[in-house]
Structure formats: C-alpha cells, structure tokens
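A short write-up of the structure that comes next.
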Amino acid sequence: MSAETEGRQASVAFYAALNRMANGDAGALAEVWSHGAEVTTMHPIGGREVGWDKVRDSFQQVAQIASEGHIRLEDQLIRVTGDLALELGAERGRARFAGQPVDLDHRVTNVYRREAGAWKVLHHHTDVSPGMLQVLQRLQSSR
C-alpha cells in the first residue's frame, strides 16, 4: 500500500471520529490521535491547545454541547514525506451546538505521523467559525 493511501485511510479514521464527536462522543478521537506533549490543535472556536491532555479535553468539551453533526472533508490534498503526512482541504457540514444549528465551512490543515506502524493525528487546524463563536457567546452570556 502506498504512503498516500495510508494517509487517506488515516484521514477517513479521523473524520469518522470527528463525526462521532459532533454527535456527542469524543471517545473515538483517542484512537486516532497521537498522545504526546507535542500534539496541537486550533479549533473553529478559536484558541490553541498544546499536548494530548488539553487537546482531548477541548474535544470533550465540544462533544458535551454537540449533536446531529455531520462533517465531511472536501478538496483533499495529501502529501507524504517519510513518517509525516500533510492534509489540506475544506471541512463542510452542519451540527447543533447547545441546540443551535451551525453550518460548517472551514479550511483545514491536518498533520499525521506514523507511530509504530499506525498513522496518528499530530495537528488539526481550522479557520474560526463565526456560527460556533455566536453559540458560545450566547452560552457565556446566559450564565
């Protein structure tokens, strides 16, 4: 199997786990992410998380308010060099956050690393989502 095919399979696994998170279950993300201190994410809700514990916690927080989500990757481009794969594309879909419908349309960059023969997510970065930020602002102002 080619390295590019392996990278595409890692992407399929990541987006399956991301869709479970968008439906309230962040548990599957633990299977597809690297668990080191060097992992990072920049979510559509803003901010930056560094280290597996913070990355995991951020996905769990989003899962607590997420439902009816479907996220797909379009316009995928994968480049593999050695044990690293870089993926570019556009995440599109829809989900409910705290019961509010939000359309998802972000540019995305994902980095995967081969670890013990398996590809794991090392970094995930999307554009900021105005719709998601509006929901979070409503939640914060209602407290």
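Quick rundown of the values:
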| read-out | value |
| --- | --- |
| When residues of the stretch 109-127 are limited to those that are among the charged types (D, E, K, R), over 15 Å from LEU29 (Cβ atoms) and modelled with pLDDT of 95 or more, the one nearest to the chain's Cα centre (by Cα) | ARG113 |
| Some residue of the stretch 77-84 being surrounded by 13 or more Cβ atoms within 10 Å (Cβ to Cβ), over 29 Å from GLU4 (Cβ atoms) and either without any contact (Cβ under 8 Å) to a residue 40 or more places away in the chain or not aromatic (Phe, Trp, Tyr) (or both) | no |
| Selection status of TRP33, within 25 Å of SER2 (Cβ to Cβ), aromatic (Phe, Trp, Tyr), modelled with pLDDT of 95 or more and over 12 Å from the mean Cα position of the chain (by Cα) | no |
| Test: residue in the stretch 5-23 that is in contact with a helix residue (DSSP H, G or I) (Cβ under 9 Å, 6 or more places away or on another chain), touching a residue at least 12 places away in the same chain (Cβ under 8 Å), outside any helix (DSSP H, G or I) and closer than 16 Å to ALA63 by Cβ | yes |
| Boolean, ARG138 is charged (D, E, K, R), at pLDDT below 95, surrounded by fewer than 20 Cβ atoms within 10 Å (Cβ to Cβ) and more than 16 Å from MET21 (Cα to Cα) | yes |
| Residues within the stretch 88-108 that are under 14 Å from the mean Cα position of the chain (by Cα) and loosely packed, with under 14 Cβ neighbours inside 10 Å, tallied | 1 |
| Within the stretch 36-69, considering residues that are of a type in the set (Val, Ile, Thr) and either modelled with pLDDT of 95 or more or within 12 Å of the chain's Cα centre (by Cα) (or both), the one nearest to ASP83 (Cα to Cα) | VAL39 |
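The values are calculated or read from the model by the stated rules, or taken from the named source; none is laboratory data. All of these numbers come straight from a predicted model, not from anything done at the bench. Glycine also receives a Cβ, built like all others from the backbone with ideal geometry; neighbour counts cover every protein chain displayed.
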